[in-house]
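Below: one structure, written as C-alpha cells.
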Amino acid sequence: MADLDALEAELRDAIAAASDEGALEAVRIAALGKKGSVSEQLKCLGSMSPEERKTAGPALNGLRDRIAEALAARKEILKAEGIALRLKAEAVDITLPVRAGGLESGRIHPVSQVIDEITAIFGDLGFAVAEGPDVETDHYNFTALNFPVGHPAREMHDTFFFNPDENGERLLLRTHTSPVQMRTMERQAPPIRIIAPGRTYRMDSDQTHTPMFHQVEGLVIDRTSHIGHLKWLLEAFCRAYFEVDKVEMRLRPSFFPFTEPSMEVDIRCRRVGNEVRIGEGDDWLEILGCGMVHPNVIRFAGLDPDVYQGFAFGMGIDRIAMLKYGMPDLRAFFDADIRWLSHYGFRPLDIPTLVGGLSA
C-alpha cells in the first residue's frame, strides 16, 4: 500500500487547482472512479490478512471520505464563482438616471431676472418699489394722469375694458403702471422716490408687441428735482444695467399727457447683424420715455405744483431684456417653451446684485 499521506496531498493539490467543474470532475474520477488511485488502494484490502485490514481499512476509508468532502467543498466554491461570473456577464441596469434637482433644472424667466436687476440698481440709488392693481379705474389710469376726454387710449381698440357697472362706469386692464405713481402720491408725503414694475395690457400683437407686457416706471417728487437730475439718473441706470463704462444719451422732445416737458431718450449704439452693442458706434436707439411731471397730475394727487415738482420715466421691461440678452422675438417670452427658457433663462441662485454682478 502506497504512502497514503503523499497521495492525499497530491489529490488535494489537484482539487485546489481545478478551475471549473469539468476539471474537478476529472480529479474525482482519477481519485474515486473505478480505476481511481483511492479505489485501487481499496481493492488491495481483499488480499490482506485480517490484522492488516484492521489497520489499512480505516485509513483508506478515511482517505476516501476526506477526498470526497474536499471535492464537494471545491464544487460548491466553483458553482458560486460560476453564478457570480454569469450574473456579471448578464447584468442589466434597470435603474433610471437620477433626476436633476430644481436648482439644476429650473430656470428664472428673463423678465423676472431683469425686474430683479432693475430693482437692484434703483434700490442702490435710494428708490423703493411700489405696486398697484392690474385692474384699474378710468380715474387712475386716465383722468388723474391728465388724459383728456376723447384721447385714443380711452377707446376700445386700444384698451381692454370691462363691461359697465350699474353706474355706467367701466373698469379696465391698466395700460401702464403710471396709476401706481398717482396712488403713491395720494398716500405718501414727498419726498417720493419709487419705481413701479408690473404687468400692463394693450390691444396690440406683433413681433415687438404683445397684449400683455411688462413695464417699469419711476417717479421722483420733491421741491427741487429738475431735468439735470433726471438725465444723470437715466445715464447711471443704463451704465449699470447694460454693464458698460460709458453711455452717450440724447433727449428728444415728445408728448405724454402726464409730463411737461416730455422727452424720448435715445442711447448711442452699434448694430452688428442682429446684435446691438450699447455705448459704442454711431447709431441711436430709443429706449424709454420721460419728462417732468405735469402740474395737473401733481394737483390731482392733492399736492401743490407751486411747491412740489418732479420727474417720471418709463420703459418696457421685455424690450430692454431683448436688447441686453439678444432675444429677437417678444412673442417667445409668453410661449411657455421649456427649450427657450432653458437657453435664455437664469439659474435660480444667480441673484443679481451690484456687488456680485447683474448677469454674470
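The values are calculated or read from the model by the stated rules, or taken from the named source; none is laboratory data. A quick note: this is a predicted structure, and the numbers were derived from the prediction, not measured. Positions of Cβ are backbone-derived with ideal geometry, glycine not excepted, and every protein chain shown enters the neighbour counts. Keep in mind that these areas ignore ligands, DNA and RNA; they rest on the heavy atoms of the full protein, side chains included. Shrake-Rupley method; radii C 1.70, N 1.55, O 1.52, S 1.80 Å.
Which of the peptides 191-197, 177-183, 33-39 is most tightly packed, and how do the rest follow, judged by the mean count of other Cβ atoms within 10 Å per residue? Let's see the in-between values first.
Details: 191-197: 20.7, 177-183: 24.6, 33-39: 14.6.
Ranked by mean Cβ neighbours within 10 Å, highest first: 177-183, 191-197, 33-39.
Relative contact order, percent, of segment 179-256 when contacts are C-alpha pairs under 8 Å separated by at least 6 residues?
24
Pop out the ³J(HN,Hα) list for segment 284-290 in order, Karplus 6.51 cos²θ - 1.76 cosθ + 1.60 with θ = phi - 60°, rounded to Hz; leave Gly and Pro as x.
Those phi angles translate into 10, 10, 6, 10, 6, x, 7 Hz.
To the nearest 0.05, what FRET efficiency results for residue 347 and residue 23 with a Förster distance of 51 Å applied to their C-beta separation? Walk me through the numbers before you get to the answer.
Values: r = 61 Å, r/R0 = 1.19.
With R0 = 51 Å, the Cβ-Cβ based efficiency is 0.25.
Just want to confirm a number: the relative contact order over the chain, from Cα pairs under 8 angstrom separated by 6+ residues, in percent.
Numbers: 533 pairs, mean separation 56.5, N = 360.
Value for the chain: 16 percent.
Given just the C-alpha atoms of the chain, how large is their convex hull per residue in cubic angstrom?
297
Too long at a 30 Å Cα-Cα cut-off: which of 34/88; 35/79; 54/79? The partial results should precede the final answer.
Details: 34/88 38 Å; 35/79 27 Å; 54/79 38 Å.
From the list (34/88; 35/79; 54/79), the Cα-Cα distance tops 30 Å for 34/88; 54/79.
Assign one of three labels to segment 42-103, namely rounded, prolate or oblate, based on the Cα gyration tensor with a ≥ b ≥ c the square roots of its eigenvalues; rounded applies when a/c is under 1.5, prolate when it is not and a/b is larger than b/c, and oblate otherwise. Could the numbers behind the result be given before it?
Values: a/c = 14.42, a/b = 5.77, b/c = 2.50.
Verdict is prolate for segment 42-103.
With Kirkwood's inverse mean 1/r over C-alpha pairs for Rh, give me the Rg to Rh ratio of segment 199-320, two decimals please.
Values: Rg = 15.9 Å, Rh = 15.7 Å.
Ratio value, two decimals: 1.01.
Using R₀ = 25 Å, calculate the FRET efficiency as 1/(1 + (r/R₀)^6) where r is the Cβ-Cβ separation of residue 277 and residue 138; round to 0.05. If you can, show how the numbers build up before the last one.
On the way: r = 43 Å, r/R0 = 1.70.
With R0 = 25 Å, the Cβ-Cβ based efficiency is 0.05.
Would you mind working out the accessible area per residue for the chain, using a 1.4 Å probe, and quoting it in Å²?
Heavy-atom SASA per residue in the chain reads 56 Å².
Would you mind checking the tilt of helix 4-17 against the longest principal axis of the Cα atoms of the chain, expressed as 0 to 90 degrees and rounded to 10?
Around 30 degrees separate the two axes.
First select every other residue whose beta carbon is under 12 angstrom from the beta carbon of residue 6; then total the charges, Lys and Arg +1, Asp and Glu -1.
Every neighbour counted, the sum reads -4.
Which order do the peptides 214-221, 20-27 come out in when sorted by mean C-beta neighbours inside 10 angstrom, highest first?
Peptide ranking by packing, descending: 214-221, 20-27.
How do 279-292, 113-126 rank on mean C-beta neighbours within 10 Å, highest first?
Answer by packing, highest mean first, reads 113-126, 279-292.
Give me the percent of DSSP beta bridges within the chain that run antiparallel, rounded to the nearest 5.
For the chain, the DSSP antiparallel bridge percentage is about 95.
How far, in nm, would the chain grow between residue 129 and residue 248 when pulled straight, counting 0.36 nm per residue and subtracting the alpha carbon separation?
40.1 nm
Would any residue of segment 58-87 have its amide N under 17 Å from a label point 7 Å out along Cα→Cβ of residue 12? List them or say none.
The answer is 59-75, whose backbone nitrogens lie closer than 17 Å to the label point.
Put a dot 7 Å past each Cα toward the Cβ at residue 47 and residue 85; how far apart are the dots in nm?
For residue 85 paired with residue 47, the spin-label model returns 4.2 nm.
Keeping the other protein chains in place, figure out the carbon and sulfur percent of the accessible area of the chain, with a 1.4 Å probe.
54
Determine, from the Cβ-Cβ distance of residue 4 and residue 339 and an R0 of 56 Å, the FRET efficiency 1/(1 + (r/R0)^6), rounded to the nearest 0.05.
0.10
How many nm is it between the label spots at residue 325 and residue 94, if each spot is 7 Å from the Cα in line with the beta carbon?
It works out to 4.3 nm between the two label points.
Calculated from DSSP H runs of 4 or more alone, at -39500 (n - 2.57) each and per residue, what is the 222 nm mean residue ellipticity of the chain, nearest 500?
-12500 deg cm²/dmol
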